[in-house]
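The values are calculated or read from the model by the stated rules, or taken from the named source; none is laboratory data. Model, not experiment: these values are computed from the prediction. Here the Cβ positions follow ideal geometry from the backbone for every residue, glycine too, while neighbour counts run over all protein chains shown.
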């Protein structure tokens, strides 16, 4: 209970700072992108970091969320909030249809399948010109993604994520990641828990895609290609597989690097790649490994983490 209160209070305090600290227009844009990227990265992290299912196609769920929200708001006059939630639900539906046959695959096989599925969804959006406008992109989206909205969605979804990871489902996911056979013998239904993780993952990415469309006021299929999927997975690896706070720190670091080096855009990917190489060489387990940031805090009881009882 103390741990949950500490986490929730920390998230709320961070969100209030992001929402109300006086910033210029450019800095506000960075905060919005930071929140969107963190939401998408959390979605990938719960599947890859906490279930052990490596994915390289989650940009497709961002695309589904973005296009669903854009089409509902622009063509049908739906308010952005139900349209945004509908984008997340469409991502869940497609993830379920895809997950039933593909979650039987493990290891590299699922990663390869996720690449194909992600590219298939992108190509459908690119060629269905009568509905999505194809490669020309979808303009005229109402700029509903303000700093306040982006931070509020980040806060709500982050609190939900950490409480979920502290629940029975979170323990099931960790157990199936570490040893699915042992988890099954302990009574965990690993196929169902992995499907739940995929659906939650798709919802988070769908919401992130809808927020991105509301921020950019324009979307096109090329924004959600394999490079975007690779960036999301790289952020999770950068922060540490099995560490949600590591994922958030990694997403923040990558977002800030990509934005503040925008003036030398031809070197941004070089700097990005160099940073990943340095992390993999000097800290191959990622920034925080499989531990959360509060596990590194000293406590008066002489432990390094809540309830773990490890001596300092």
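The table for this structure:
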{"item": "Some residue of segment 26-41 being at pLDDT 95 or above, crowded, with 21+ Cβ neighbours inside 10 Å, touching a helix residue (DSSP H, G or I) at 6+ places or on another chain (Cβ under 7 Å) and over 26 Å from residue 250 (Cα atoms)", "result": "no"}
{"item": "Contacts under 9 angstrom Cβ, first residue in segment 40-65 being on the phi > 0 side of the Ramachandran plot and without any contact (Cβ under 8 Å) to a residue 12 or more places away in the chain, partner surrounded by fewer than 24 Cβ atoms within 10 Å (Cβ to Cβ) and part of a helix (DSSP H, G or I), 6 or more apart", "result": "none"}
{"item": "Given (1) in a helix (DSSP H, G or I); (2) at pLDDT below 90, number of the condition residue 241 does not satisfy", "result": "(1)"}
{"item": "Evaluation of residue 266 against (1) modelled with pLDDT under 85; (2) assigned to a helix (DSSP H, G or I); (3) under 30 Å from residue 163 (Cβ atoms) (one fails), failing number", "result": "(3)"}
{"item": "Candidate set from segment 134-155 (those that are out of contact with any strand residue (DSSP E or B) (no Cβ under 9 Å at 6 or more places or on another chain) and assigned to a loop (DSSP other than H, G, I, E, B)); member that is farthest from residue 17 (Cα to Cα)", "result": "142"}
{"item": "Near pairs, Cβ below 7 angstrom, 6+ apart or cross-chain, from segment 202-217 (within 14 Å of residue 47 (Cα to Cα)) to any residue that is outside any helix (DSSP H, G or I)", "result": "205/58"}
{"item": "Among the residues listed as 44, 74, the single one being in a helix (DSSP H, G or I) and touching a strand residue (DSSP E or B) at 6+ places or on another chain (Cβ under 8 Å)", "result": "74"}
{"item": "Residues being farther than 22 Å from residue 81 by Cβ, touching a residue at least 12 places away in the same chain (Cβ under 8 Å), surrounded by fewer than 19 Cβ atoms within 10 Å (Cβ to Cβ) and in contact with a helix residue (DSSP H, G or I) (Cβ under 7 Å, 6 or more places away or on another chain) - total across segment 127-162", "result": "2"}
{"item": "Which numbered condition residue 53 fails, given (1) part of a helix (DSSP H, G or I); (2) more than 23 Å from residue 131 (Cα to Cα)", "result": "(1)"}
{"item": "Only one of 111, 182 that is surrounded by 14 or more Cβ atoms within 10 Å (Cβ to Cβ), farther than 23 Å from residue 82 by Cα and modelled with pLDDT under 90", "result": "111"}
{"item": "Near pairs, Cβ below 8 angstrom, 6+ apart or cross-chain, from segment 2-15 (in a helix (DSSP H, G or I)) to any residue that is loosely packed, with under 11 Cβ neighbours inside 10 Å", "result": "3/307"}
{"item": "Of residues in segment 95-116 being touching a helix residue (DSSP H, G or I) at 6+ places or on another chain (Cβ under 8 Å) and not in a helix (DSSP H, G or I), the one farthest from residue 58 (Cα to Cα)", "result": "105"}
{"item": "Some residue of segment 117-133 being part of a helix (DSSP H, G or I), farther than 22 Å from residue 222 by Cβ and under 20 Å from the mean Cα position of the chain (by Cα)", "result": "no"}
